[in-house]
Amino acid sequence: MAGDSLGSGPSAPVARVFATVGPELVEAIREAKPNRVILQVPGGLVRNAHELAARLRDSTGVPVDLATRPCFGACDFPSRDEAPRADLAVVLGHAPIPNVPLPRSTFFVEMRETGGDPERLAGIVAEARLPRHLGLVASVQHLDLVEPLRTALGRHGYEVHIGTGDRRLAFPAQALGCNYTGAEAVAGKVDAFLFLGTGNFHPIGLAFAVDRPVHALDPLQGVLEAPIDRGALIRKRQLVVAGVREARRWGILVSTFAGQNRSPTALALQERARARGWDAEILLFDRLDGRDLEGRAFDAYVNTACPRIALDDGGNYPKPILTPPEFLMVLGELPLEPYRFDTYH
């Protein structure tokens, strides 16, 4: 969908999608005639981000500022306060989240990866004897490989299911760190999931979300990882929940990022806690740092922003941090089993 417009209305900020950094992106910036561009890149690309900013500036004639805060997803693009002079954002490595409002027109460069031989990858899966009923999930960079791999796996006798998620996902088979509803939609039809992509971030999130084995396949290196130990992940979180059952002073964390702000959820949790006679205060932040929570008189926190803050980084904070479903477990409104992933809709 390179160059497709996802905006609506003559004055609404426009979201456009590009597969890679190339002539189409340069031409689109020229046509948009912005006064200034803000460029934001993921942490893995910050080393050479200044070179890309210079390329865009030289090829378009438009001033380009570089956001020093790297983006973890399309949920935390530069706010108006971070880039007050920019009227166009270029965000690398992410697809737009359809239900997240934009502060300005934004060009998303998904960095689609064309590499990966589907026949070779299907052979690797078959040789490893993965279950014959598979769900296929991918990061946005490898979505173009999903259908070819599905076809190739079919020739090896596999039945492959690809799910369509809720309004937060732009594509079938897509994974977001906070949302695996596409996988959840087909979980009842499969015996395991195969994730296409690099790193452990998405496979771990997928393992939290679905009660099926999760195998990660690096499509470029052709490396198939052992299944994620979901049981160990869940037991660790259950121990955190059990450890704060006596907590009575709670800080409720709320992000000011448009794509992560769940103020209604935070207010509802605050009301539930206060109905029990517990102290519960709302704390606002943009990018959370463990030092921001030091010295505060809370027993524990519940995080309504990105669920991965609690699940992946909880050990970096001075007090335990729970997700909203985990907080409901503390309240006794949800059981410990089955574990509920904090899906961000």
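Going through the DSSP H helices of the chain, which span 15 Å or more along their own axis at the Cα atoms while scoring at least -1.0 as a mean Kyte-Doolittle hydropathy? Provide the component values of the computation, followed by the final result.
Values: long enough: 49-60 (16 Å, -0.64); 230-243 (20 Å, 0.17); 263-275 (18 Å, -0.33).
Answer set is 49-60, 230-243, 263-275.
Just one of (i) 1.00; (ii) 0.94; (iii) 1.05 is Cα Rg over 2.2 N^0.38 Å calculated from these coordinates, so which is it?
Label (iii) holds the value from this structure.
Just for the range 120-261, what percent of DSSP beta bridges are antiparallel, to the closest 5? Intermediate results must be reported in sequence, preceding the final value.
Details: 3 of 16 bridges.
Beta bridges within the range 120-261, antiparallel portion: roughly 20 percent.
Using DSSP to call loops (not H, G, I, E or B), can you name the trypsin sites (Lys or Arg not before Pro) in the range 26-62 whose Cβ has at most 15 other Cβ atoms within 10 angstrom?
Sites meeting the loop and neighbour criteria: Arg36.
Kindly provide the GluC sites (Glu not before Pro) of the range 279-345 that DSSP labels as loop, not H, G, I, E or B, and whose Cβ sees at most 11 other Cβ atoms within 10 Å. Walk me through the intermediate numbers first.
Details: sites: Glu281, Glu294, Glu326, Glu333; in loops: Glu294, Glu333.
Loop-located and lightly packed - Glu294, Glu333.
Where does the chain land at 222 nm, in deg cm²/dmol rounded to the nearest 500, when only DSSP H runs of n ≥ 4 count, each adding -39500 (n - 2.57), divided by all residues?
On the way: 10 runs with 98 residues, N = 345.
Result for the chain, helices only: -8500 deg cm²/dmol.
Take each of the peptides 167-175, 217-225, average the number of other beta-carbon atoms within 10 Å over its residues, and list them starting from the highest. Before the final figure, lay out the partial values.
On the way: 167-175: 21.3, 217-225: 16.1.
The most tightly packed comes first, giving 167-175, 217-225.
Modelling each spin label as a point 7 Å along the Cα-to-Cβ direction, I'd like the Arg129/Glu281 distance in nm, to one decimal.
Once both label points are built, they end up 5.9 nm from each other.
Tell me which residues come under 5 Å, amide H to amide H, from Leu253 once H is placed; ignore anything under 5 positions away on its chain.
For Leu253, the qualifying residues are Leu283, Val302, Asn303, Thr304.
Just subtract the alpha-carbon distance of Leu239 and Leu220 from 0.36 nm times their residue separation and send over the number in nm, one decimal.
Separation in residues times 0.36 nm, less the Cα-Cα distance, equals 3.1 nm.
Under a point spin-label approximation (7 Å from Cα along Cα-to-Cβ), what is the Glu159-Leu331 distance to one decimal in nm?
Label at Glu159, label at Leu331, 4.0 nm between them.
Dipole magnitude of the range 231-331 about its Cα centre, charges +1 at Lys/Arg Cβ and -1 at Asp/Glu Cβ only, in debye to the nearest 20?
Details: 15 positive and 12 negative charges, 65 e Å.
In debye, rounded to 20, the range 231-331 gives about 320.
Please state the charge dipole magnitude for the chain, taken about the Cα centre, from unit charges on C-beta atoms (+1 on K and R, -1 on D and E), reported in debye and rounded to the nearest 20. Show your work: numbers first, answer last.
Working: 38 positive and 41 negative charges, 107 e Å.
That gives the chain a dipole magnitude of about 520 debye.
Classify the range 118-228: rounded, prolate or oblate, from the alpha-carbon gyration tensor (a ≥ b ≥ c, eigenvalue square roots; a/c under 1.5 rounded; otherwise prolate if a/b is larger than b/c)?
Working: a/c = 1.41, a/b = 1.36, b/c = 1.04.
Judged from the Cα gyration tensor, the range 118-228 comes out rounded (a/c under 1.5).
I need the trypsin sites (Lys or Arg not before Pro) found in the range 194-266, filtered to DSSP loop residues with at most 15 other beta carbons within 10 Å of theirs.
Numbers: sites: Arg230, Arg235, Lys236, Arg237, Arg245, Arg248, Arg249, Arg262; in loops: Arg245, Arg248, Arg262.
Answer by residue number: Arg245, Arg248.
With unit charges on the beta carbons (Lys and Arg positive, Asp and Glu negative) and the dipole taken about the Cα centre of the chain, which residue among Leu322, Gln270, Ala54 sits farthest to the positive side?
About the Cα centre, the residue reaching furthest to the positive side is Gln270.
Taking the number of other C-beta atoms within 10 Å as the exposure measure, put Lys189, Lys319 in order starting with the fewest.
Numbers: Lys189 12, Lys319 18.
Listing Lys189, Lys319 from fewest to most nearby Cβ atoms yields Lys189, Lys319.
Report the Cα centroid-to-centroid distance between the range 30-51 and the range 222-252 in angstrom, as an integer.
Rounded to whole Å, the Cα centres lie 36 Å apart.
Hey, if you put +1 on the Cβ of every Lys and Arg and -1 on every Asp and Glu Cβ in the range 118-228, which of Phe201, Ala173, Ala226 ends up farthest toward the positive end of that dipole?
Selected residue: Ala173.
Under a cut-off of 24 Å between alpha-carbon atoms, report the lysines in cross-link reach of Lys319, not counting same-chain residues fewer than 8 places apart.
Within reach: Lys236.
Report for the range 231-331 the percent antiparallel among DSSP-assigned beta bridges with both residues inside it, nearest 5. Mind showing how you got there, number by number?
Numbers: 0 of 13 bridges.
Of all bridge pairs located within the range 231-331, approximately 0 percent are antiparallel.
Within a 10 angstrom radius of the beta carbon, how do Ser139, Ser79 rank from fewest other beta carbons to most?
By the 10 Å Cβ count, ascending, the order reads Ser79, Ser139.
Where a number appears in this text, it was derived from the coordinates with a stated rule and is not lab data. Worth saying up front: this structure is predicted, and the values here are computed from it rather than measured. Note that we place each Cβ from the backbone using ideal geometry, even for glycine, and neighbour counts take in every protein chain shown.
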